[in-house]
Amino acid sequence: MSHSSRIAPDVILGRDVVVRDFVNLYGCRIGDGTRIGTFVEIQRGVEVGARCKISSHTFICEGVSIGSGVFVGHNVSFVNDRYPRAVGPDGALLDDADWTVVPTTVEDRAAIGSGAVILCGVRIGRGAVVGAGAVVTRDVPSGEVWAGNPARYLKDVEEG
């Protein structure tokens, strides 16, 4: 474990988890054998399964659930709010009580390419592949490859 990472006392780390430098973890659960790259933030309530690889510069916000054996490429961003705003109609700064987390699920053995953006409320199915730079706006079925902006079906995953 790095001394230049911030791991809050409420984080639950499984066995043999590797956390690189400059990582911010709080209120989350990380499964056995998972590796977390540099400059990653994982927020409260997130669950990451066993034997995942979370690459550098990735942001995983509250409301995201990641299964086991998942690959998350560099600079992937998850979103948990459909209509983000800083202030209300009266101009007053909004706080946690003024919005609702919209959950997102990434199932076992899925892979998300570098630079992808995953909007809230979607499910990325078991073994699915999301291409680099994709913007996922709807569910990605198990075993399919999706890419583009917005992400769309390209083909079935080739086992190998």
Practice item. Name the one entry in 71, 39, 59 that is over 18 Å from residue 135 (Cα atoms), at pLDDT 95 or above, surrounded by fewer than 22 Cβ atoms within 10 Å (Cβ to Cβ) and hydrophobic (A, V, I, L, M, F, W, C). Key: 39
Review point. Of the residues that sit in the stretch 76-100 and are of a type in the set (Val, Ile, Thr) and crowded, with 17+ Cβ neighbours inside 10 Å, which one is farthest from residue 143 (Cα to Cα)?
Key: 79
Point to revise | Residue satisfying condition, being touching a strand residue (DSSP E or B) at 6+ places or on another chain (Cβ under 6 Å) and under 18 Å from residue 78 (Cβ atoms), within set 12, 42, 7 | key: 42
Study note, to complete from the structure: Reported set for the stretch 39-67 where residues are assigned to a strand (DSSP E or B) and of a type outside the set (Gly, Ala, Ser) is 41, 42, 47, 48, 53, 54, 59, 60, 64, 66
Practice item. Examine the stretch 58-73 for a residue that is more than 27 Å from residue 158 (Cβ to Cβ) and of a type in the set (Ser, Thr, Tyr), and state whether such a residue exists. Key: no
**Study point:** Within the stretch 1-30, considering residues that are closer than 17 Å to residue 56 by Cβ and hydroxyl-bearing (Ser, Thr, Tyr), the one surrounded by the fewest Cβ atoms within 10 Å (Cβ to Cβ)
**Key:** 4
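The values are calculated or read from the model by the stated rules, or taken from the named source; none is laboratory data. None of the values given here were measured: they were computed from a predicted structure. As a convention, Cβ positions derive from the backbone with ideal geometry for all residues, glycine included, and neighbour counts pool all protein chains shown.
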